[in-house]
1. Taking all protein chains as present, what is the carbon and sulfur share of the accessible area of the chain, in % to the nearest whole number, probe 1.4 Å?
2. With the dipole of the chain worked out from charges on the C-beta (+1 for Lys and Arg, -1 for Asp and Glu) around the Cα centre, which of 72, 61, 44 lies farthest toward the positive end?
3. Taking amide hydrogens as modeled 1.01 Å from N in the peptide plane, which residues meet the under 5 Å criterion relative to residue 27, leaving out close sequence neighbours?
4. Taking only Cα atoms, what is the 0 to 90° angle, nearest 10, from helix 52-71's long axis to the longest principal axis of the chain?
5. In a shell of Cβ-Cβ distance under 12 Å around residue 96, excluding residue 96 itself, what net charge do Lys and Arg (+1) and Asp and Glu (-1) give?
6. Over the chain, what lengths in whole Å, largest first, do the semi-axes of the equivalent ellipsoid take, defined as the square roots of 5 times the eigenvalues of the alpha-carbon gyration tensor?
Amino acid sequence: MTGPARKKKPPFGMPRHIVLLATPEGWRHSVTTTDGALVCGRLAGLPADAGPARARAAATALLTGLCREFHGTEIDVAWQPPGAPDSLTGRIVPLPAPSAG
């Protein structure tokens, strides 16, 4: 006998903020989550010499896919004006669920 399908817990909390840093090896990201975790890594598939606009676009696509897959939530990233060309910060903004109708 099987019970109702259990919802699998996401491997990390809902992303809240992101920081991107340009390094000689490529763009790195650090994401803070609502549960206090920090998820870090490299923006894969992006050349090391990619500019800030491409890094923002790649990070937004990464976060959008992760939030959709693991949290069932659509998001946007509100990027702060750059303080330096090699450091970018953004706030993850959950979007309202579309209304049925």
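The values are calculated or read from the model by the stated rules, or taken from the named source; none is laboratory data. Everything numeric here is computed off the predicted structure, so don't read it as measured data. In this analysis, Cβ positions are derived from the backbone assuming ideal geometry, glycine residues included, and neighbour counts consider all displayed protein chains. Each accessible area value is taken on the protein alone, full model and side chains, heavy atoms only, with ligands, DNA and RNA left out. Shrake-Rupley method; radii C 1.70, N 1.55, O 1.52, S 1.80 Å.
1. Carbon-and-sulfur percentage of accessible area, whole number: 58.
2. The residue sitting farthest along the positive end of the dipole is 72.
3. Excluding prolines and chain starts, which carry no amide H, the hits are 43.
4. Taking the Cα atoms of the chain, the angle to 52-71 is about 10 degrees.
5. -2
6. 29, 16, 12
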